[in-house]
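The values are calculated or read from the model by the stated rules, or taken from the named source; none is laboratory data. This one's a predicted model, so the numbers in the text were calculated from it and none came from an experiment. Note that we place each Cβ from the backbone using ideal geometry, even for glycine, and neighbour counts take in every protein chain shown. All accessible areas refer to the heavy atoms of the entire protein, side chains included, with ligands and DNA or RNA removed. Shrake-Rupley method; radii C 1.70, N 1.55, O 1.52, S 1.80 Å.
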Amino acid sequence: MPPAFIVGHGDIGRRVATLWHDKGGPVAALVRSARDTGPARAVLGDLDRPSTLAQWPTDGAALFHFAPPAPAGLGDTRTAHLIAALEARPPRRIVYISTSGVYGDCGGAWVDEMHAVNPGNDRSRRRVDAERQLTAFAERHAIPLVILRVPGIYGPGRLPLERIRRGDPVVCPEEAPWSNRIHADDLAAMAYRAARDDAPSGIYHAVDDEPSSMTDYLYRLADAAGLPRPPCVSLAEARRTFPPGLLDYLNESRRLDNRRMKKVLGVRLRYPTLHEGLSDLA
């Protein structure tokens, strides 16, 4: 197993580090300050401070780029700083976690990886910028790049149970826009597979088999947790009263086609639908 270097050592980063380590590969992770990084060796550095990005264990490594863009602007400065630090010691391949938000609103249509990007907010525009920067870097250095476009992630430790307990309203089912999800363990397994030397480069939808809506997800999670279902309001009322960050999601509707991920990348989902994912959590 070649070494791996994880930039963005959050929940998914920790899961990938464990998978890589368990298969016998050495793994390191970029962190801003000393902390427990599990099986990964901690490398101190901050993508917002390029001067701290001096020592990189990336020669011959599989690089996982999981760090989100900075919270403002149209471009991803963190990816720009990362690429500058990698120019002298490029990795053997890169796996980047992007967002399905790069497509913007698709009116509930089915979307595959050939669909044009059309981001509807600055957060997604920064992701498009990151994808373009990484694509150019990979082409310059002739290294494989896999981009995983990811929707909402759920799993142990990342369930909106407190929102359900508070009774925060949702959009009534008949008006709720289409959305997509992936279980955290399946996403980690996809990222691990994408970093192997035989994984074909390209863009893949890291998504399960069952598009539904945020309302459906919260109803089913409430049922699985034995909690009352949250109340619902009309879409018009939601647009008047919901916080801006949540409105970004309500203003977009799409169903992601995951056939390329399964056929080309060869991933078999452990949790293909919410039924399996929420049953396991229960």
List pairs: first residue in segment 209-233 and over 19 Å from Arg181 (Cα atoms) and in a strand (DSSP E or B), second residue among the aliphatic types (A, V, I, L, M) and modelled with pLDDT of 95 or more anywhere in the structure, Cβ distance under 7 angstrom, at least six positions apart or on different chains. Cys232/Val170; Cys232/Val171; Val233/Val171
Matching residues in segment 149-158 (open to solvent by less than 50 Å² (accessible area, probe 1.4 Å), out of contact with any Lys or Arg (no Cβ under 8 Å at 6 or more places or on another chain) and touching a residue at least 60 places away in the same chain (Cβ under 8 Å)) number 2
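Looking only at segment 193-208, which residues are in a helix (DSSP H, G or I) and open to solvent by less than 20 Å² (accessible area, probe 1.4 Å)?
Residue satisfying the conditions is Ala194 alone.
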Across segment 162-171, which residue is surrounded by the fewest Cβ atoms within 10 Å (Cβ to Cβ) among those that are touching a helix residue (DSSP H, G or I) at 6+ places or on another chain (Cβ under 7 Å) and under 22 Å from Asn251 (Cβ atoms)? Val171
Matching residues, segment 85-109, being closer than 24 Å to Ala188 by Cα and open to solvent by 70 Å² or more (accessible area, probe 1.4 Å): Arg92
Looking only at segment 217-233, count how many residues are open to solvent by less than 50 Å² (accessible area, probe 1.4 Å) and not hydrophobic (A, V, I, L, M, F, W, C). 3
Criterion first (out of contact with any strand residue (DSSP E or B) (no Cβ under 9 Å at 6 or more places or on another chain), closer than 17 Å to Val102 by Cβ, at pLDDT 95 or above and basic (Lys, Arg)) does Arg149 satisfy it? no
Pull up segment 242-274, narrow it to residues that are assigned to a helix (DSSP H, G or I) and without any contact (Cβ under 8 Å) to a residue 12 or more places away in the chain, then point me to the one that is most open to solvent (accessible area, probe 1.4 Å). Lys263
Mind listing whichever residues of segment 29-83 are closer than 21 Å to Val150 by Cβ and of a type in the set (Asp, Glu)? Asp76
Count of residues meeting criterion [in contact (Cβ under 8 Å) with a residue 24 or more places away in the chain and not polar (S, T, N, Q)] in segment 114-143: 15
Being open to solvent by less than 50 Å² (accessible area, probe 1.4 Å), free of Cβ contacts under 8 Å to residues at least 24 places away in the same chain and out of contact with any Lys or Arg (no Cβ under 8 Å at 6 or more places or on another chain) is the filter here, so list the residues in segment 40-63 that pass it. Thr52
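Do you know which of the residues in segment 177-192 that are among the small types (Gly, Ala, Ser) and open to solvent by 20 Å² or more (accessible area, probe 1.4 Å) is nearest to Leu256 (Cα to Cα)?
Ranking the qualifying residues of segment 177-192, first place goes to Ser179.
For every residue, the table says whether it meets (1) assigned to a strand (DSSP E or B); (2) open to solvent by 50 Å² or more (accessible area, probe 1.4 Å).
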| residue | (1), (2) |
| --- | --- |
| Ile6 | yes, no |
| Gly25 | no, no |
| Ser33 | no, yes |
| Asp36 | no, yes |
